[in-house]
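A short write-up of the structure that comes next.
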Amino acid sequence: MGSLRYPLLGVAVWMLALWPLPLSGCAWLSACADEDPPVKASSGPIKYRILEEGTYSGYPDELETVCRDAVSWKRFYQVHRPDVQAPTINFARERVAIVVNQRLTGGYELRFDHLEREASGSLVFHYTEITPSPDQFTIQVLTQPYLIVVLPQGSERLRFVRDVQTPTRK
């Protein structure tokens, strides 16, 4: 009955339940991009597929990371969507790039732009954060826009580059 009278109470309780999780990037994931050694560059287009994108993730902080194994993937997904089983990924051939932002209002969106291989061998993951225009009405609630992209498995370092785009009123 209390949750019907105070619908945001359930959200607050859920956020408090997640509070013990380390919120500093991907420290609690075992296979983060910061730990990857660089390798020589290869040529050709890089295949990818967008697994999920949306506005509400259960992850309570900002995150840019790579899951290279099933353990780190399942750990992330349990927080991201606790009521859903993590999609199956063949980690012998694939890895998962994850971007999550937390914002104070609605109106934000993440869009995947492209992948680029640098001369050093690093892979660059370009994405754009779409922000609401200053005169746009937005919902006043915490949102967590997210983007989950499956990439070929590899040992090269993955670097994230964010562009910010604010639409102008027409």
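Values in this text are rule-based calculations from the coordinates and carry no lab data. Because the structure is a prediction, the values reported are computed rather than measured. Note that we place each Cβ from the backbone using ideal geometry, even for glycine, and neighbour counts take in every protein chain shown.
A few notes on this one:
- Charge tally in the Cβ shell below 9 Å around ILE148, where Lys, Arg are +1 and Asp, Glu are -1, ILE148 excluded: -2
- For trypsin sites (Lys or Arg not before Pro), the sites in region 89-142 that DSSP calls loop and that have at most 13 other Cβ atoms within 10 Å are ARG93.
- The charge dipole of region 24-165, taken about the Cα centre with unit charges on the Cβ atoms of Lys, Arg (+1) and Asp, Glu (-1), comes to about 460 debye, rounded to the nearest 20.
- Positive contributions from Lys and Arg (+1) and negative ones from Asp and Glu (-1), summed over other residues with Cβ under 9 Å from the Cβ of GLU109, come out at -1.
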